[in-house]
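One structure below.
What follows draws every value from the coordinates through simple rules; no lab data is involved. Computed from a predicted model, the values in this text were never measured in an experiment. With ideal geometry, Cβ positions are generated from the backbone for all residues, glycine too; neighbour counts draw on all protein chains shown.
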Amino acid sequence: MMKRLICLLIMLTGYASAFAQDIEMADTMRSEGKIYVVVGTIAILFIGLAIYLFTIDKRLSRLEKHKD
Amino acid sequence: MKFIYQSWWKILAVLLVGYTLIAGFLLPVPKLPILHETIRNVYFHVPMWMAMFVVFGISVWYSIKYLITGKEEYDLIAIESVNTGIVFYILGLVTGMLWARYAWGEYWSNDPKQNSAAIAFLLYCAYLVLRNAVDEEQKRARISAIYNIFAFPIMVVLLLILPRMTDSLHPGNGGNPAFGKYDMDSTMRMVFYPACIGWIFMAVWIATLRYRIRLIENKNNSL
């Protein structure tokens with residue numbers, strides 16, 4: 001049920017955006033010179049790096065356990 | 001030393017830095033001539049130096065502890081802290097140069113702050129060279145610990161005191177007001193302080209990772 005609803009929502013938004021191609025609407029990702037896109041990129045980048053650091057940490061912990 | 005295996009402060013570091021990466025771009029900043037949006041560099045350039053000071057400070061602390069106790073692990077903490085600090089040093093220097101290109105006109109304008117930073121950088125490179133020059137382990141640890149204890153205050157004098165006594169383009173030096181006094185408002189502080197704390201924790205985290213790798217390497221070598 002939930003899945004179908006989400007599917008419908010996505011389709012609806014897609015339908016709406018298909019007709020709003022060259023009309024600038026108030027969606028955040030396009031406002032203020034599209035700075036939000038850059039912020040999103042940086043956020044993704046940093047989350048990736050953080051996860052990477054955590055995996056290194058975990059791997060090291062496993063190695064340390066193995067040693068003793 | 002148990003905290004280096006715990007993860008709460010690592011999560012805190014990620015959350016703090018993550019917050020500043022978003023808020024640092026989206027929250028309003030004071031409108032100032034020349035600086036314009038580059039004032040946001042305060043959230044990223046300055047915390048590099050804060051993190052560097054803290055890990056170098058930790059290094060000195062453990063160098064002193066090494067000299068008192070002679071425990072090898074303390075020497076390993078000292079060296080890995082310096083290794084991490086140098087990375088943040090380079091990041092601080094390079095981001096500062098990029099900022100200087102657009103705020104002062106040139107990447108390197110032989111400003112007292114920049115020149116001091118270059119000299120202090122060499123000071124820490126000398127520490128690494130010194131370590132590699134001595135083969136005998138205990139001797140190496142002792143000599144480099146003493147060097148490290150002297151290098152830290154000289155670095156602080158070079159970076160924070162000498163540029164303040166002459167004219168410098170860098171804020172906070174030579175009659176040039178620091179950001180904190182006139183340029184930074186309370187909204188900026190809401191991002192700047194978390195950024196400093198977050199990056200300091202990040203640097204400490206990386207240093208502890210390096211130290212833990214070093215411990216395993218050390219164990220393998222001594223077997």
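Computed quantities for the displayed model
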{"quantity": "Calculated from backbone phi, Karplus (6.51, -1.76, 1.60) coupling profile of region B:135-143 in Hz, x at Gly/Pro", "calculated": "7, 6, 4, 5, 5, 4, 4, 5, 4"}
{"quantity": "Helical contribution to [θ] at 222 nm, DSSP H n ≥ 4, -39,500 (n - 2.57), averaged over chain B, rounded to 500", "calculated": "-25000 deg cm²/dmol"}
{"quantity": "Positive-end residue, chain B charge dipole about Cα centroid, Cβ charges, pick of B:Phe201, B:Leu159, B:Ile143", "calculated": "B:Phe201"}
{"quantity": "Size of electric dipole in chain B: Cβ of Lys, Arg +1 and of Asp, Glu -1, about Cα centre, debye, nearest 20", "calculated": "400"}
{"quantity": "Full-extension gain in nm, B:Ile90 to B:Thr38, via 0.36 nm per residue minus C-alpha separation", "calculated": "16.8 nm"}
{"quantity": "Three-way shape label, chain B, alpha-carbon gyration tensor, a/c 1.5", "calculated": "oblate"}
{"quantity": "³J(HN,Hα), Karplus 6.51/-1.76/1.60, whole Hz, each residue of region B:19-24, x for Gly, Pro", "calculated": "4, 5, 5, 8, 5, x"}
{"quantity": "Gaussian network model of chain B, springs between alpha carbon atoms under 10 Å - residue of B:Met202, B:Met48, B:Met165 with greatest fluctuation", "calculated": "B:Met165"}
{"quantity": "Dipole of the protein assembly as shown [Lys/Arg +1, Asp/Glu -1 at C-beta], most positive-end residue of B:Phe192, B:Tyr5, B:Ile119", "calculated": "B:Tyr5"}
{"quantity": "Length-normalised contact order for chain B - Cα pairs under 8 Å, 6+ apart - percent", "calculated": "35"}
{"quantity": "Straight-distance crosslink candidates among lysines, where the alpha carbon sits under 22 Å from B:Lys139 and sequence neighbours closer than 8 are dropped", "calculated": "B:Lys65, B:Lys71, B:Lys219"}
{"quantity": "The protein assembly as shown: C-alpha gyration tensor shape, a/c 1.5 cut-off, then a/b vs b/c", "calculated": "oblate"}
{"quantity": "Nearest-20 debye value, the protein assembly as shown charge dipole, Cβ charges on Lys, Arg, Asp, Glu", "calculated": "840"}
{"quantity": "Note, ³J(HN,Hα) from phi for region B:96-104, Karplus 6.51, -1.76, 1.60, rounded to Hz, x at Gly and Pro", "calculated": "x, 5, 4, 5, 4, 4, 9, 9, 10"}
{"quantity": "Span per principal axis, largest first, for the Cα atoms of region B:1-128 (Å)", "calculated": "54, 37, 15"}
{"quantity": "Neighbour-count order for B:Leu158, A:Leu45, A:Leu53, fewest beta carbons within 10 angstrom listed first", "calculated": "A:Leu45, A:Leu53, B:Leu158"}
